[in-house]
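A.B. asks: Take a look at the following structure, please.
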Amino acid sequence: MTQLPSFTRSLLHPRYWLTWLGIAILYLVVLQPYPVIYRLGTVLGRIAMHVMKHRVHIAERNLALCFPEMTEQARAALVRKNFESVGMGLLETGMAWFWPDWRIARWFTVTGLEHLQPLRAEKRGVLLIGLHFLTLELGARIFGMHNPGIGVYRPNDNKLIDWLQTWGRMRSNKTMLDRKDLKGMIRALKQGEIIWYAPDHDYGPRSSVFVPFFAMENAATTSGSYLLAKVAKPAIVPFVARRREGGKGYELIIQPAELSVPLDDEATTATWMNALVEQNVLLAPDQYMWLHRRFKTRPEGEPALY
């Protein structure tokens, strides 16, 4: 299993004081009533759009590549909504880490819990497909309040943030695994655990195959899904945490389990998984992480897209 970070006195070193200040500000902000947090988050996102010009360009480029039929006006409107969601995503991370359970539950409705009941009864491993929505921290928290599982994550280079994110995520998870620890994931799935897994980012050429994603014919997509599905034979359960318009809270949508995964080869599984990802992205496209360089890895000989 992955060795998780723990709090040590070294995290009080002056090199971390600015990080501590940021954490304190985030904590104080999320103590406010949710309607205030919602207004602050959307305003923060609009400001970020003027500051993070490079990320705006990446989001515009991703949308143009994925939805070439979309008009420039529609794309610009979606980017504006997306950056409002970026601002909210920062504050929702604080909500996920610092809010008590009762306050999380107050602002969420949950549908689809019945899809997990037979899987838990037969102790079947569940590969929970948690996409890179900007609500992902909050969605993982509310899901774990109902069905605690094991989170998959990338350790942060900042040791204080690494400890804090692990502490926050462990409030509703059993433990965490490094995303490179495939053996640990397989072992846990075979033991009937729920593994939170995100197959929708570009993890580089060594661990990817090139398959379609929306209108992109050659998107680098993790080959890890194939190994997990072939060896551990879990049920595949997608879920989405979607923010409601106008500061009216959230809904967690747990979808029916997929029990038959095509396993002809890595590309076949990745293509199937991307189709599943697409269906879920379209549930809340303005809340997806479009500012990530999803298509940074290209097939040999093809030019960079950013």
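A.B. asks: What does a probe at D181 reach in segment 138-174, counting residues whose amide N is under 12 Å from the point 7 Å along Cα→Cβ?
C.D. replies: In segment 138-174, the label zone of D181 (backbone N under 12 Å from the point 7 Å along Cα→Cβ) covers 150-155, 174.
A.B. asks: Of all beta bridges DSSP finds with both residues in the chain, what is the antiparallel percent, to the nearest 5? Mind showing how you got there, number by number?
C.D. replies: Working: 12 of 31 bridges.
Within the chain, antiparallel bridges account for around 40 percent of the total.
A.B. asks: Once the mean 1/r over all distinct Cα pairs of segment 104-153 is inverted, what Kirkwood radius in angstroms do you read off?
C.D. replies: 12.1
A.B. asks: Check each of the GluC sites (Glu not before Pro) in segment 108-186 and keep only those in coil by DSSP with at most 14 other C-beta atoms within 10 angstrom; list them in order. Let's see the in-between values first.
C.D. replies: Values: sites: E114, E122, E137; in loops: E122.
Here the GluC sites (Glu not before Pro) that fit, given the DSSP loop and packing criteria, are E122.
A.B. asks: For the chain, what is the mean residue ellipticity at 222 nm derived from helices alone (per DSSP H run of n ≥ 4: -39500 (n - 2.57); sum divided by total residues; nearest 500 deg cm²/dmol)?
C.D. replies: On the way: 11 runs with 139 residues, N = 306.
Computed mean residue ellipticity for the chain: -14500 deg cm²/dmol.
A.B. asks: Please calculate how many Å² of accessible area segment 220-306 carries per residue, with a 1.4 Å probe and no DNA, RNA or ligand atoms counted. Intermediate values should be presented prior to the final figure.
C.D. replies: Numbers: 3570 Å² over 87 residues.
Per residue, segment 220-306 has 41 Å² of solvent-accessible surface.
A.B. asks: What relative contact order, as a whole-number percentage, does the chain give when Cα pairs under 8 Å and 6 or more residues apart are counted? Spell out each step's value before the answer.
C.D. replies: On the way: 506 pairs, mean separation 71.1, N = 306.
Result for the chain is 23 percent.
A.B. asks: For segment 1-158, what is the relative contact order in percent, using Cα pairs closer than 8 Å and at least 6 residues apart in sequence?
C.D. replies: Details: 80 pairs, mean separation 38.9, N = 158.
Rounded, it is 25 percent for segment 1-158.
A.B. asks: Pop out the ³J(HN,Hα) list for segment 290-303 in order, Karplus 6.51 cos²θ - 1.76 cosθ + 1.60 with θ = phi - 60°, rounded to Hz; leave Gly and Pro as x.
C.D. replies: Here the 3J(HN,Hα) series is 6, 7, 7, 6, 4, 10, 6, 8, 10, x, 4, x, 8, x Hz.
A.B. asks: Which value results for Rg/Rh of segment 165-247 when Rg is the Cα radius of gyration and Rh the Kirkwood radius based on the inverse mean 1/r? Working shown, then result.
C.D. replies: Working: Rg = 15.1 Å, Rh = 14.9 Å.
Using Cα coordinates only, the ratio equals 1.02.
A.B. asks: Next question. Between L259 and K190, what length comes free when the chain is fully extended (0.36 nm per residue of separation minus the Cα-Cα distance, one decimal in nm)? Show your work: numbers first, answer last.
C.D. replies: Values: separation 69, 0.36 × 69 = 24.84 nm, distance 1.49 nm.
So the chain would gain 23.3 nm between L259 and K190.
A.B. asks: Taking all protein chains in place and a 1.4 Å probe, what share, in percent, of the accessible surface of the chain do carbon and sulfur account for? Don't skip to the answer; put the middle values down first.
C.D. replies: On the way: 8280 of 14610 Å².
Taking all protein chains in place, the chain shows 57 percent carbon and sulfur surface.
A.B. asks: If I model a spin label at R298 and L65 as a point 7 Å from the Cα along the Cα→Cβ vector, what separation in nanometres do I get?
C.D. replies: Output for this residue pair reads 0.9 nm.
A.B. asks: With just the Cα atoms defining each centre, how far is segment 279-297 from segment 185-244? Give it in Å.
C.D. replies: Distance between centres, Cα-based: 15 Å.
The values are calculated or read from the model by the stated rules, or taken from the named source; none is laboratory data. What you see is a predicted model; the values in this text were computed from it and never measured. Because the Cβ atoms are built from the backbone with ideal geometry, glycine has one as well, and the counts that use them run over all protein chains shown. For the accessible areas, the whole protein counts, side chains as well, though only heavy atoms, and no ligand, DNA or RNA atoms are used. Shrake-Rupley method; radii C 1.70, N 1.55, O 1.52, S 1.80 Å.
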